[in-house]
Amino acid sequence: MMQVAVDPVRWHHFAGVLLVIALAVLQGRVGRSGAFWQICWALPGTLLHELSHLLVAAVTGGRPVGFTIIPRRDGPRRWVLGSVTISNPGPVSALPSALAPLLLNVVAYYLYLGWSTWFPTDLPHTLLMYVAIYVFSYSSIPSGQDLKVAVSSPAGVLLYGGAVGVCWWRWVG
């Protein structure tokens, strides 16, 4: 009989991937269990999502004037879980403020890279890392309203599109 040595760190990561799959399935089912449970499930991600809007709006001159993560109804079957109001959604601030949650993926990546230097590489801490990465990643998805705000300033779209084009041409082309 052949014996296979199992690397514990690999096993921990495999268990983490299984946990992410379980969380995704659970997230799909929470939506069918009622608004209260859906709001509870989404609260940590909503906080991260809205904070990213708030911080980027402040940095880009959008002048945030409102921030909430208190859910409110927006029609008979729709809930708004959080929002940030900015008073100056101009060409420089509208697009980056609206798409700010995408930066949560960068944070998730750096959590992954640094986790083993901050915490032990045992199973509980590895699973906690996968939960954190999952929350940051699912919180990064821009809403329909975020996309509307992102394209609300054609000058901003041209400005940032041009900057990306120049960078692409300079470093890739």
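The values are calculated or read from the model by the stated rules, or taken from the named source; none is laboratory data. Predicted model only: the values in this text are computed from it and were never measured. Neighbour counts run over all protein chains shown; Cβ positions are idealised from the backbone, glycine included. These accessible areas exclude ligands, DNA and RNA; they are computed on the full protein's heavy atoms, side chains included. Shrake-Rupley method; radii C 1.70, N 1.55, O 1.52, S 1.80 Å.
Scan 117, 126 and give me the residue that is surrounded by 12 or more Cβ atoms within 10 Å (Cβ to Cβ), at pLDDT 95 or above, part of a helix (DSSP H, G or I) and more than 13 Å from the chain's Cα centre (by Cα).
Values: 117 fails: surrounded by 12 or more Cβ atoms within 10 Å (Cβ to Cβ).
Only one candidate qualifies: 126.
Among the residues of segment 135-152, those identified as open to solvent by less than 50 Å² (accessible area, probe 1.4 Å) and farther than 18 Å from residue 45 by Cβ are 149, 150. Scanning segment 87-114 for residues that are of a type in the set (Ser, Thr, Tyr), assigned to a helix (DSSP H, G or I) and within 29 Å of residue 155 (Cα to Cα) turns up just one, 97.
Among residues of segment 23-35 that are touching a residue at least 40 places away in the same chain (Cβ under 8 Å), those with a Cβ under 9 angstrom from a residue that is part of a loop (DSSP other than H, G, I, E, B), sequence gap 6+ or separate chain, pair up as 35/71. If you check 132, 155 for being assigned to a helix (DSSP H, G or I) and surrounded by 14 or more Cβ atoms within 10 Å (Cβ to Cβ), only one passes: 132. Only one of the numbered conditions (1) within 13 Å of the chain's Cα centre (by Cα); (2) small (Gly, Ala, Ser); (3) buried (at least 17 other Cβ atoms within 10 Å of the Cβ) is not met by residue 93, and that is (1).
Quick grid of which residues meet (1) of a type in the set (A, V, I, L, M, F, W, C); (2) in contact with a helix residue (DSSP H, G or I) (Cβ under 6 Å, 6 or more places away or on another chain):
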position	(1), (2)
109	no, no
124	no, no
137	no, yes
159	yes, no
162	no, no
166	yes, no
169	yes, no
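Being without any contact (Cβ under 8 Å) to a residue 40 or more places away in the chain and either touching a helix residue (DSSP H, G or I) at 6+ places or on another chain (Cβ under 7 Å) or part of a loop (DSSP other than H, G, I, E, B) (or both) narrows it down to one residue among 65, 20, 84; which is it?
On the way: 65 fails: either touching a helix residue (DSSP H, G or I) at 6+ places or on another chain (Cβ under 7 Å) or part of a loop (DSSP other than H, G, I, E, B) (or both); 20 fails: without any contact (Cβ under 8 Å) to a residue 40 or more places away in the chain.
Sole residue among the options that is without any contact (Cβ under 8 Å) to a residue 40 or more places away in the chain and either touching a helix residue (DSSP H, G or I) at 6+ places or on another chain (Cβ under 7 Å) or part of a loop (DSSP other than H, G, I, E, B) (or both): 84.
For segment 75-90, taking the residues that are out of contact with any Ser or Thr (no Cβ under 7 Å at 6 or more places or on another chain) and closer than 19 Å to residue 43 by Cα, the one that is most open to solvent (accessible area, probe 1.4 Å) is identified as 77. The residues listed here are 57, 42, 35; of these, the one that is more than 24 Å from residue 149 (Cβ to Cβ) and open to solvent by less than 70 Å² (accessible area, probe 1.4 Å) is 35. For residue 69, the conditions (1) open to solvent by 30 Å² or more (accessible area, probe 1.4 Å); (2) out of contact with any Gly (no Cβ under 7 Å at 6 or more places or on another chain) are fulfilled apart from (2).
The set of residues from segment 58-83 being among the hydroxyl-bearing types (Ser, Thr, Tyr) and within 27 Å of residue 38 (Cα to Cα) comprises 68, 83. If you check 100, 15 for being open to solvent by less than 30 Å² (accessible area, probe 1.4 Å) and farther than 29 Å from residue 161 by Cβ, only one passes: 15. Scanning segment 68-78 for residues that are at pLDDT below 90 and assigned to a loop (DSSP other than H, G, I, E, B) returns 74, 75, 76, 77, 78.
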